[in-house]
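What follows is a short report on a single structure.
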Amino acid sequence: MLGEIVDFIVNIVGDLGYIGIVIMMALESSFFPFPSEVVMVPAGYLAHKGEMNILVVIGAGIFGSLLGAWLNYLLAIKFGRAFIIKYGKYIFFDEEKMEKVEKFFQNHGHISTFSGRLVPVIRQYISFPAGIAKMPFGLFSFFTGLGAGIWVIILTLLGYFIGDNEALVKEYLHTIVAVTVVAVLIVISIYIRKQKRNDNI
C-alpha cells in the first residue's frame, strides 16, 4: 500500500514539479492528515536522479509548509476555538486533539510553534492554538519556518540518499522521528530553564 502511495506521489510531483510539492506540503501542514514523508522523500529521490534541484525542492517544501500553517493560524484567529472544534470532526480533528495541542502550546510558549513542527500529530495542528492566542504573525512565521525547514531537510536528504530503498526508508524514518522527538524535548527543556532563570533575575 505504501509503495503505491509513494509511486502516486512521485508521479504527481513529476508531473506538477515544484508546484506539486508546494500544494502537497500545504495540505500536509494544514488540517489534512497527510504525511509529509510521502512527499519530501520521493522529491529528494527525484533530486538524486537529477530530475529536480535539491535546493528548490527544500524551498518548495518549506514554503508549502508555511502556507498550510498560515491557513490554520488565520482560521483560528478569524473563527476561534469553537468553530474549529465544531467542523474539525469532519477532518478527524476533535476536541481531544485540540486540548492536546493547546496544552503543548501553553506548556512551551511560542517556541512550541518550532518544536511542534518536529513532533508527529502535533505538527499539523500547533498553528491552531497559536492563532487563538493571537501570537504575533512574524514570530509565528519565523518559528514555524524554522521547524518546518529542519523537518523538510531531513526528509529530503533521506530521499536523496536512500529514496530508492523503501524498506531502508521505513527503518531510518522511525529512527529519525525518535531522535528528533528526543532532540525537541532537550531543546524545550533548555529553553524553559533559561526562561525560568531570566524570570528569577
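Readers should treat all values here as calculations from the given coordinates under stated rules, not as data from a laboratory. None of these values were measured; they are calculated from a predicted model. Neighbour counts run over all protein chains shown; Cβ positions are idealised from the backbone, glycine included.
Some points to look at:
- Here the dipole of segment 55-139 is about 100 debye; that uses its Cα centre as origin and unit charges on the Cβ of Lys and Arg (positive) and Asp and Glu (negative).
- Burial order of peptide ranges 121-129, 46-54 (average beta-carbon count within 10 Å, highest first): 121-129, 46-54
- Inter-label distance, nm, simple model (7 Å from Cα along the C-beta direction), PHE137/LEU16: 2.5
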